[in-house]
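Reviewing the structure listed below.
The values are calculated or read from the model by the stated rules, or taken from the named source; none is laboratory data. Note that the coordinates shown come from a computational prediction; the quantities given were computed from them, not determined experimentally. All Cβ positions, glycine included, derive from the backbone under ideal geometry; neighbour counts span all protein chains shown.
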Amino acid sequence: MCGIVGGIAERNITEILIEGLKRLEYRGYDSAGVAVINQGQLLRERQVGKVINLADAVAAHHLQGNLGIAHTRWATHGKPSEQNAHPHASGNVAVVHNGIIENYQELKQELQQLGYVFSSQTDTEVVAHLVNHALKQTPDLLQAVQSIVPRLKGAYALGIVWTEQPDELIAVREGSPLVIGVGIGENFISSDQLALLPVTNRFIYLEEGDIVRLKRNSIEIFVNGQAIDRPVKELDAAVTNSSKGEYKHFMLKEIFEQPDAVQQTIAQALDADTLKPDFLAKANQTFAAIQQIQIIACGTSYHAGMVAKYWCEQIIGLPCHVEIASEYRYRHPVIVANTLFLCISQSGETADSLAALRDIQRRAKQKHIPIHTMAICNVSTSSMIRETDFHLLTLAGPEIGVASTKAFTTQLAALMLLVLKIGEIKQTLAESLKQDIIKALWHCPKVLNETLKNDTEILRLSSLFVEKQHCLFLGRGTHFPIALEGALKLKEISYIHAEGYAAGELKHGPLALVDNDMPVVILAPKDEMLDKLKSNMEEVQTRGGELFVFADEHSDIHAQDRKHVVHIPQVSEWLAPIIYCVPVQLLSYHVAVLRGTDVDQPRNLAKSVTVE
Ligand code: F6R
């Protein structure tokens, strides 16, 4: 969601900025722009649509400079248009911004009274005018920015340049991600390190409240006006691999990477038939003390949390609650002592999840309630990892497609590892069950590989969805969240309206929707709910609905007229959700490709939702 790239170098910077923006495309955007300073002049180019339009305009106008900022915008205030695209300028100041300035109306009125004219409907433009105005009193960019930042309410990351100081770039992080890329004789900023990988693999991860003065040969970071040091971290090669390779889309590549991603994730925790003694060892005392788990997450990560609730309560008898972060953060929930607050997030930067986490931490501290926080997250350098007591990494590698796939399966694997670990510490997990689950976890990558072999069959079925307007997904138990996840995948990338339901709810409403034109996708692993699910399938068939069943090879479910069956390899019932999400991912992918949508960057969506 919105992307910033900026930098200062001896060489021309525009190509680096454009390449950086291309690498941020996955985050979702509707317009893009760049500003550079060249011989005391501020040169700006902005375009609606793809970065390629901007790249063409930059090339056509020979835009060049050694200092520059660039941006992909995802409209919040004001529609996508050239005028609303960043960078925004005021006098000789240019600004790029991620996030939202919540009090911009009030600041705008004040600036208008001072004679500033607004050329966009954005909240960002107030920052450009405020800095320009401050420079009239304090002709130093760093000081001017430091003086206006306390006036900004909301969450934001900023990159700011001024023609009068053509050798420095000022950056601010307050609630939206921003990293510094450390080069040799050149330095950069970006909202995601991926954007800067062509120029460096050394990064400084800024913290909330950091204000930075970036020059070619120096990086100064200030907190409340005091200079401080932050460590430079080097990324390893695995993190830097983000090309589509032989695949047509990142999403497909990421679906097929799941066996490896799950393997990596479990290998960090498991020896042959046991948990490694040092796995989450730092949390042993905490796990012994906790009385319940409260999971907080958004979207797909929330669905992973829903599966974990079943596991946690059934396998180790520990109460587990799950809630969407955007609800949890505003409903002032009662904080219960000795709760483990578990945030699940691919990016670790999701605004609602972070806000919920911070709110719990603040309120628990105020009331002296002992709580513990933990993150399951895919980005080791994220805010969420930094701000929680413990973390467990999903080792999925960079996920570029907006629709989450391998992040989800690795979250499930990580959650199962966590359940095993807590059960072991609390001694609430029967040894034989633990052995069975560990064996099944090791087996999981193989079953995932076998499941992926159904791709051609699923492609064939997907053609039957292309003309449909609506679709239902049904599952029971741990497959109810997978039904929700299937519906989310289909709607977000193919734009077909889809609903996920617990199959037992069918008669309580959604059955009314079922007719000849309603495809109903069923998740039918072989478990104790299978017979009940078979009755639900009958109910759909009797009403003329067309069934698409992903069924265990031993479930005795066979194809008939208007009943399509894809057989899924047998798997332990505990781990079936990790396997059964694969066919729904593939189905959604193929339907979207056949409908010609933008699979990796679906309309209106962003990868990392860093605003509320
Ligand atoms: C859907 C999807 C989103 C994310 C959600 C949370 O495919 O990707 O629903 O799961 O925006 O993002 P993270 O996991 O980064 O907190």
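So, in segment 593-612, exactly how many residues are farther than 15 Å from T72 by Cβ, in a loop (DSSP other than H, G, I, E, B) and touching a residue at least 60 places away in the same chain (Cβ under 8 Å)?
Of the residues in segment 593-612, 4 are farther than 15 Å from T72 by Cβ, in a loop (DSSP other than H, G, I, E, B) and touching a residue at least 60 places away in the same chain (Cβ under 8 Å).
How many residues, within segment 188-219, are within 30 Å of E612 (Cα to Cα), over 24 Å from the mean Cα position of the chain (by Cα) and touching a residue at least 60 places away in the same chain (Cβ under 8 Å)?
Count: 3.
Could you grab me the full set of residues in segment 578-603 that are under 21 Å from the mean Cα position of the chain (by Cα) and among the charged types (D, E, K, R)?
D598, D600, R603
Within segment 332-388, take every residue that is among the β-branched types (V, I, T) and near the ligand (Cβ under 9 Å from one of its atoms) and give me the one that is surrounded by the fewest Cβ atoms within 10 Å (Cβ to Cβ).
Taking the candidates together, the pick is V379.
Within 23 Å of the chain's Cα centre (by Cα), among the hydrophobic types (A, V, I, L, M, F, W, C) and farther than 13 Å from Q294 by Cβ: does that describe A351?
Considered against the rule, which asks whether it is within 23 Å of the chain's Cα centre (by Cα), among the hydrophobic types (A, V, I, L, M, F, W, C) and farther than 13 Å from Q294 by Cβ, A351 comes out as yes.
Which of the residues spanning segment 261-299 are more than 21 Å from C343 (Cβ to Cβ), not in a helix (DSSP H, G or I) and not hydroxyl-bearing (S, T, Y)?
Residues satisfying the conditions are L270, D271, A272, D273, L275, K276, P277, D278.
If we only count helices (runs of 4 or more DSSP H) wholly inside segment 41-156, which ones have 1 or more residues that are in contact with a Lys or Arg (Cβ under 6 Å, 6 or more places away or on another chain)?
Once the helices (runs of 4 or more DSSP H) in segment 41-156 are filtered for at least 1 residues that are in contact with a Lys or Arg (Cβ under 6 Å, 6 or more places away or on another chain), what remains is 51-60, 125-137, 141-148.
Within segment 427-449, does at least one residue satisfy the condition of being within 15 Å of the ligand (Cβ to nearest atom) and either among the hydrophobic types (A, V, I, L, M, F, W, C) or not assigned by TED's automatic domain parsing to the domain that holds T274 (or both)?
The answer is no, given that none of the residues of segment 427-449 is within 15 Å of the ligand (Cβ to nearest atom) and either among the hydrophobic types (A, V, I, L, M, F, W, C) or not assigned by TED's automatic domain parsing to the domain that holds T274 (or both).
Quick check, is L533 away from the ligand (no atom under 16 Å from the Cβ), assigned to a helix (DSSP H, G or I) and farther than 23 Å from I458 by Cβ?
no
Just to check your reading of the model, which residue among D598, D552, D556 is closer than 25 Å to S31 by Cα and not aromatic (F, W, Y)?
Result: D598 is the single residue among D598, D552, D556 that is closer than 25 Å to S31 by Cα and not aromatic (F, W, Y).
Name the one entry in Q39, Q47 that is modelled with pLDDT under 95 and surrounded by fewer than 20 Cβ atoms within 10 Å (Cβ to Cβ).
Q39
Residue-wise test of (1) free of Cβ contacts under 8 Å to residues at least 60 places away in the same chain; (2) crowded, with 22+ Cβ neighbours inside 10 Å.
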{"residue": "A524", "(1), (2)": "yes, yes"}
{"residue": "D531", "(1), (2)": "yes, no"}
{"residue": "E538", "(1), (2)": "yes, no"}
{"residue": "T542", "(1), (2)": "yes, no"}
{"residue": "E553", "(1), (2)": "yes, no"}
{"residue": "L575", "(1), (2)": "no, yes"}
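If I296 meets every condition in (1) in contact with a strand residue (DSSP E or B) (Cβ under 8 Å, 6 or more places away or on another chain); (2) closer than 16 Å to F408 by Cβ apart from one, which number is that one?
Every condition holds for I296 apart from (2).
Within segment 577-612, how many residues are surrounded by fewer than 24 Cβ atoms within 10 Å (Cβ to Cβ), of a type in the set (G, A, S) and within 14 Å of the ligand (Cβ to nearest atom)?
Of the residues in segment 577-612, 1 are surrounded by fewer than 24 Cβ atoms within 10 Å (Cβ to Cβ), of a type in the set (G, A, S) and within 14 Å of the ligand (Cβ to nearest atom).
Each row is one residue, and each column tells you yes or no for (1) more than 26 Å from Q469 (Cα to Cα); (2) in a helix (DSSP H, G or I).
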| site | (1), (2) |
| --- | --- |
| E539 | no, yes |
| F548 | no, no |
| H554 | yes, no |
| V565 | no, no |
| I579 | yes, yes |
| P583 | no, yes |
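Looking at segment 149-164, which of its residues are of a type outside the set (K, R), on the phi < 0 side of the Ramachandran plot and surrounded by fewer than 20 Cβ atoms within 10 Å (Cβ to Cβ)?
Correct list: V149, P150, T163, E164.
How many of the residues in segment 390-426 are within 15 Å of the ligand (Cβ to nearest atom) and in contact with a strand residue (DSSP E or B) (Cβ under 7 Å, 6 or more places away or on another chain)?
Result for segment 390-426: 7.
Which residues, taken from segment 56-111, are farther than 12 Å from E45 by Cβ, of a type in the set (S, T, N, Q) and touching a residue at least 12 places away in the same chain (Cβ under 8 Å)?
N66, T72, T76, S81, Q83, N84, S90, N92, N98, N103
Given the residues Y247, Y302, which is the only one that is in contact with a Lys or Arg (Cβ under 7 Å, 6 or more places away or on another chain) and either within 16 Å of the ligand (Cβ to nearest atom) or in a loop (DSSP other than H, G, I, E, B) (or both)?
That would be Y247, the only listed residue that is in contact with a Lys or Arg (Cβ under 7 Å, 6 or more places away or on another chain) and either within 16 Å of the ligand (Cβ to nearest atom) or in a loop (DSSP other than H, G, I, E, B) (or both).
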